[in-house]
Amino acid sequence: MDYKEEFIKIFNDNITREGSKNLLEWIQKTDFFTAPASTKFHGACESGLVMHSISVYKTMMEKHYDPNTDSSESFAICALLHDLCKAQFYKQSTRNVKNEQTGQWEKKPYYTVEDAYPYGHGEKSVFLIERFMRLKPAEAMAIRWHMGGFDEAARGGSFAISLAYEKYPLAVKLHLADLESTYLKEKGTSAINSK
């Protein structure tokens, strides 16, 4: 099963909320299933975004899911869709890089950011999802704050992230799963030379 098939299966098996089918149809019209997850770090390769989303889902379920208190639908929504903002976000281009062995300049692919809707990272994902399907407050907070201390608002001194993490355990669980997937499980998944 490829990443797209796996994503769709997890989505359909777990997310039944009104509007979810329309959301999935819209996702399939974007580059979500072929887009990278970053410009040069984890998942900087074709289908890196969907690979990362599935990795976060599996990590959340393995490490943080409690069937007595957690919703499998909420976990699937948060993990699979937290980076929806990256659909239609990256563009592939080329740059000249000198081959150290031959001394010749060669065209090498790399990804650039072309943000047509600069709304913020987590905020944009929440906005895109809610165009089709309503999120529960805990889901919206988890997706909004999944970047943790890397979020621009948190780096700027906002204390809202602390309040969100204190009030919504789902937000903490998504952030931890995202960190583990990005920095531990997805090491070496970049096809782009970061030099």
**region 82-129: number of residues that are buried (at least 18 other Cβ atoms within 10 Å of the Cβ) and either hydrophobic (A, V, I, L, M, F, W, C) or in contact with an Asp or Glu (Cβ under 8 Å, 6 or more places away or on another chain) (or both)** = 12
**Request:** Output yes when any residue across region 129-148 is over 16 Å from Ser74 (Cα atoms) and modelled with pLDDT under 85, and no when none is.
**Result:** yes
**Item:** Residues of region 43-72 classified as farther than 16 Å from Ile27 by Cα and either in a helix (DSSP H, G or I) or basic (Lys, Arg) (or both), total
**Value:** 11
**Asked** Out of all the residues in region 10-22, is one or more part of a helix (DSSP H, G or I), of a type in the set (Val, Ile, Thr) and crowded, with 23+ Cβ neighbours inside 10 Å?
**Response** no
**Complete:** Quick count over region 130-156, residues being closer than 19 Å to Ile27 by Cβ and either over 13 Å from the mean Cα position of the chain (by Cα) or surrounded by fewer than 17 Cβ atoms within 10 Å (Cβ to Cβ) (or both), is 8
**Request:** Could you identify the single residue in Glu123, Glu166 that is of a type outside the set (Lys, Arg), more than 13 Å from the chain's Cα centre (by Cα) and over 20 Å from Phe41 (Cβ atoms)?
**Result:** Glu166
**Message:** Just the residues that are outside any strand (DSSP E or B), farther than 22 Å from Ser72 by Cβ and among the aliphatic types (A, V, I, L, M), please, taken from region 106-127.
**Reply:** Ala116
**Asked** Does Tyr57 fit the bill of being touching a helix residue (DSSP H, G or I) at 6+ places or on another chain (Cβ under 7 Å), under 14 Å from Leu84 (Cβ atoms), modelled with pLDDT of 95 or more and of a type in the set (Ser, Thr, Tyr)?
**Response** yes
**Residue among Lys40, Lys63, Lys29 that is under 23 Å from Lys136 (Cα atoms), surrounded by fewer than 17 Cβ atoms within 10 Å (Cβ to Cβ) and charged (D, E, K, R)** = Lys63
**Complete set of residues in region 145-171 that are closer than 21 Å to His52 by Cβ and in contact (Cβ under 8 Å) with a residue 24 or more places away in the chain** = Trp145, His146, Met147, Gly148, Asp151, Glu152, Leu170, Ala171
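The values are calculated or read from the model by the stated rules, or taken from the named source; none is laboratory data. No experiment lies behind these values; they were computed from the predicted model shown. Quick reminder, even Gly has a Cβ in these numbers, built from the backbone with ideal geometry, and neighbours come from all protein chains shown.
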